[in-house]
1. Give the residues of the range 190-208 that are in contact (Cβ under 8 Å) with a residue 24 or more places away in the chain and in contact with a strand residue (DSSP E or B) (Cβ under 8 Å, 6 or more places away or on another chain), sorted by residue number.
2. For the range 307-332, give me each residue that is modelled with pLDDT under 85 and loosely packed, with under 14 Cβ neighbours inside 10 Å.
3. Might you let me know whether the range 307-320 holds any residue that is touching a His at 6+ places or on another chain (Cβ under 6 Å) and in contact (Cβ under 8 Å) with a residue 12 or more places away in the chain?
4. Name the single residue, out of those in the range 340-359 being touching a helix residue (DSSP H, G or I) at 6+ places or on another chain (Cβ under 6 Å) and not aliphatic (A, V, I, L, M), that is farthest from L499 (Cα to Cα).
5. What about V594, is it in the same structural domain as S335 (by the TED database) and either within 25 Å of the chain's Cα centre (by Cα) or in a loop (DSSP other than H, G, I, E, B) (or both)?
6. For residues that are farther than 28 Å from T464 by Cα and either hydrophobic (A, V, I, L, M, F, W, C) or in a loop (DSSP other than H, G, I, E, B) (or both), scanning just the range 203-229, find the one that is least open to solvent (accessible area, probe 1.4 Å).
7. Looking only at the range 430-462, count how many residues are in a helix (DSSP H, G or I) and either of a type outside the set (D, E, K, R) or under 22 Å from R600 (Cα atoms) (or both).
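The values are calculated or read from the model by the stated rules, or taken from the named source; none is laboratory data. Small disclaimer: the values here were computed from a predicted structure and weren't measured. Virtual Cβ from ideal backbone geometry, glycine too; neighbours counted across all protein chains shown. Accessible surface is based on the protein model in full, side chains and every heavy atom, while ligands, DNA and RNA are left aside. Shrake-Rupley method; radii C 1.70, N 1.55, O 1.52, S 1.80 Å.
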Amino acid sequence: MCGLLAFVCAPAGTTPGADVAEVAGAVSRATHLMRHRGPDEPGGIWAGDQVVFGFNRLSFIDIAHSHQPMRWGPPEAPERYELVFNGEIYNYLELRAELAAEHGAVFATDGDGEAIVAGYHYWGTDVLSRLRGMFAFAVWDTVSGELFCARDPFGIKPLFMASGPGGTVVGSEKKCLLDLADVVGFDTAIDTRAVQHYTVLQYVPEPETLHRGIRRLESGCYARIRPGQAPETTRYFRPRFDATPITRDTEQARYDEITAVLEDSVAKHMRADVTVGAFLSGGIDSTAIAALAMRHNPKLITFTTGFEREGFSEIDVAAASAEAIGARHVVKVVSPAEFVAALPEIVWYLDDPVADPALVPLYFIAAEARKHVKVVLSGEGADELFGGYTIYREPLSLRPFDYLPSPVRRSLGKVSRPLPEGMRGKSLLHRGSLRLEERYYGNARSFSDEQLRAVLPGFSPDWTHTDVTAPIYAESVGWDPVARMQHIDLFTWLRGDILVKADKMTMANSLELRVPFLDPEVFAVASRLPVSAKITRTTTKYALRRALEPIIPAHVLHRPKLGFPVPLRHWLRAGELLEWAYATVDATGAGHLVDVAAVRTMLDEHRLGTADHSRRLWTVLIFMLWHAIFVEHSVVPTIREPDYPVRL
């Protein structure tokens, strides 16, 4: 695990940035901005003829020997490759054994990094489909003079890219690329289209960022970079949901298959030379992971967080779950004052804004967990794979509309428009009049077009959610609607919100988060489930719940989903958060991007209780804070130096 930077210099004789020694100094300074990702071995630099690597290492496996950048080569060319790697490969032992047996590969360490580069040498890009893990890595081939970069199938680990006259740089954190903007020579202007996408979706969708010149290598993709040439990107992972029927005779076998693959995934995710803990929210996903982890570590520590306000905490349920499975449990309660004080630092770690308030308590519980462990397991991905969101039941309620001719469906939409807001049936008629591709773009639904026009001075009706979703929907033509919704969420909400906040908030505290549900073998099992095994009229994740009956406590099995809810609606009406909100609006220099008067009106209406604008306000406020930090530089967060004297 580390924060990585790789700079491929422009060919000699071009400017700027062709001098490798100067680039190495710039990369060293930029690497310090992601020191939180690797406090065990900070600031490592390696320079070749046309490439410079920088890294910070957070070590878990083969702590004494698997240093980075890592050199590896076959016996005939032992120094051919150089690797920087962020992540963990959980089946590395099996891969190393296979490479040694089939190809005579020789390894100098006991770690997982060599499995990547040796696999790349012998298998080429096919190695990517063999890796069970989370990863973003860069391999420099001294023979071909090419940089090969790749991200894991689901996008658990980030990788940003920017190109200019000085070369191409890739890295784990966007802020490091911004620090190298003058050397690379890329465009640092704000991408107003990405701003509108953020406001609609509450995150910046891949491959966009809020800076025009920086893009993300998308999940499940790899890139080849040669000096003086633009990166060539290829998708290697195309997830498919291919349902196979479940009969009465095969039902239990399918549940047993789910249990077995989860047991195997958790076992592999527990591989580490350090202590592993688990986040525990009180729901079935995190409880299942913790219960399975207990089989490998009976001294497992679980962690949860919440707020003092009633209805916004799962502390009691999580504590009961921890007691039921026999885990030691640690709780962090977040006060409103702590919440507000941490916001500038949190947004700095995010790189681009994410308007999910749950990332704030996640930041605090990660900080608490880091006092005890170096790695935590968590339950992200179960909802997308097994059908856990309530919205996935929408096709059931809208099924009668499927039998109506298209003109009739469209007319129902027209009928719904004049009905008063909140009137029973208005929403049903409107949604029933729309095709799935029109109505569903993920879990974030806060701004209507009319509200966007009021808030964004540069609003364009040509920039819509279909910019993001249309290519994804094109991949799932003919699938059942629930599978299509899951597929959309894999490429939007999961990788744009959930995995970003998970990576950024844990790495901010030099804590590694592992997600056993997001494993290729688990996905293979989940993707074969029919609709009836995912959602019913009364529940979600039906097959997963049945599979977990022998594993998790009964009080958790059928609880409604809660997660880490934040009392935004209440806190934005009085107290420290309301004061911070007004101060942020009054001080913002983002008036050319956001209508300040409209936001202040929303804030007034919310404070007085005449409307609930909490999620819309939070989306805009986080953007304003981001703009103050990364554009205006009027807010300068205090970023602590990583200090973990106890080696775990």
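1. I190, E206
2. E308, R309, E310, G311, D316
3. yes
4. Here the residue is W348.
5. No, not satisfied.
6. Ranking the qualifying residues of the range 203-229, first place goes to I225.
7. 10
Rundown of residues vs (1) within 20 Å of the chain's Cα centre (by Cα); (2) of a type in the set (V, I, T); (3) at pLDDT below 95; (4) under 19 Å from E368 (Cβ atoms), yes/no style:
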position: V266; (1), (2), (3), (4): yes, yes, no, no
position: M270; (1), (2), (3), (4): no, no, yes, no
position: T275; (1), (2), (3), (4): no, yes, yes, yes
position: G282; (1), (2), (3), (4): no, no, yes, yes
position: A293; (1), (2), (3), (4): no, no, no, yes
position: P298; (1), (2), (3), (4): no, no, yes, no
position: I301; (1), (2), (3), (4): no, yes, no, yes
position: T304; (1), (2), (3), (4): yes, yes, yes, yes
